[in-house]
Amino acid sequence: MRRGVTLSPCASSSSRPRATDARGQRTPKNASAPRRRREKTTGKAKYAKRIAQHMDIAFMDDPCATLDLPRSSRETPKLIVYDLDDTIWFPELYMIAGAPFVKDPATKTTTDCSGVEVRVYPAARASISLVDTHEAFSGTKIAVASRTHRGQWARTLMSMFDIADDDGARSLAQCVSFVDIASGTKKAHFARLREASGVEYEDMLFFDNEGENCVDVAQLGVICVHCPGGMTADAWNRGLALFARVRG
């Protein structure tokens, strides 16, 4: 018994009257439960149609596989949004000691103040470069939606990471048109991104390593890709395929 709480006596379950149906037969106590479960499942299924599930693990040293291109302008997202931690880069910011960050000019590796290297997933770098340079995405912008209170670290790293391996590479920060880094829900992030970009939710494609974020954002009408193992070429291709299928 909980301290300070007095429980009052009540009738046993066997002494309570049971509900009956039109024929006078007793109905089960949980007769309405299956209907509630069906309604809940139907709601999840509705949002699940906007979420592509990807379970492969991204490896930093593996080359990026082939990235698909949209088949038409109708099947091309107008805004492609990436989460940061364990979607674009790894380790996640809460795992490291943080600033000041140092970039080696020779190797182009980026490390935190304790010497831990933060790296960009190959498919994240390749897909951002593709959107930034390919004519198929001439009408597409890139955005970042990151739920963290280490915003200054994130912005610093974005300015340090190159998106291509040549000397004329643009930084991640230069490739991104809209940045929303703040604590709070991803729904709030996307409301602000919609206002800033003028792009409707149905014209957005979102990549995130957390399934909860994908479910929340899918409720807005955004096509989402859950990639818990980091960004990969398959996650990219699944996202474009789902976007095209939904836009149909």
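Details
- Overall form of the stretch 124-174 per C-alpha gyration tensor (a/c, 1.5; a/b vs b/c): oblate
- Overall form of the stretch 127-209 per C-alpha gyration tensor (a/c, 1.5; a/b vs b/c): oblate
- The stretch between residue 92 and residue 55, if pulled fully straight at 0.36 nm per residue, gains 11.5 nm over its current Cα-Cα span.
- Residue order, fewest to most surrounding Cβ atoms within 10 angstrom, among 71, 125: 71, 125
- In terms of its alpha-carbon gyration tensor, the stretch 64-165 comes out prolate; a/c meets the 1.5 threshold, and the first ratio a/b outweighs b/c.
- DSSP-defined beta bridges in the stretch 35-194 - what % are antiparallel, rounded to 5: 45 percent
- Modelled spin labels at residue 103 and residue 135, positioned 7 Å past Cα toward Cβ, are 3.0 nm from each other.
- Residues 102, 176, 81 in ascending order of nearby Cβ atoms (within 10 Å, fewest first): 102, 176, 81.
- Which of 204, 160, 231, 55 has the fewest Cβ neighbours within 10 Å, and the rest in rising order: 55, 160, 204, 231
- Contour excess over end-to-end distance, with Cα ends at residue 62 and residue 117 and 0.36 nm allotted per residue: 18.1 nm
- The stretch 135-234 - share of DSSP beta bridges that are antiparallel (%, nearest 5): 10 percent
Here, each number is a calculation from the coordinates, and none is a lab measurement. Computed from a predicted structure; not experimentally measured. Cβ: placed from backbone, ideal geometry, glycine included. Neighbour counts: every protein chain shown.
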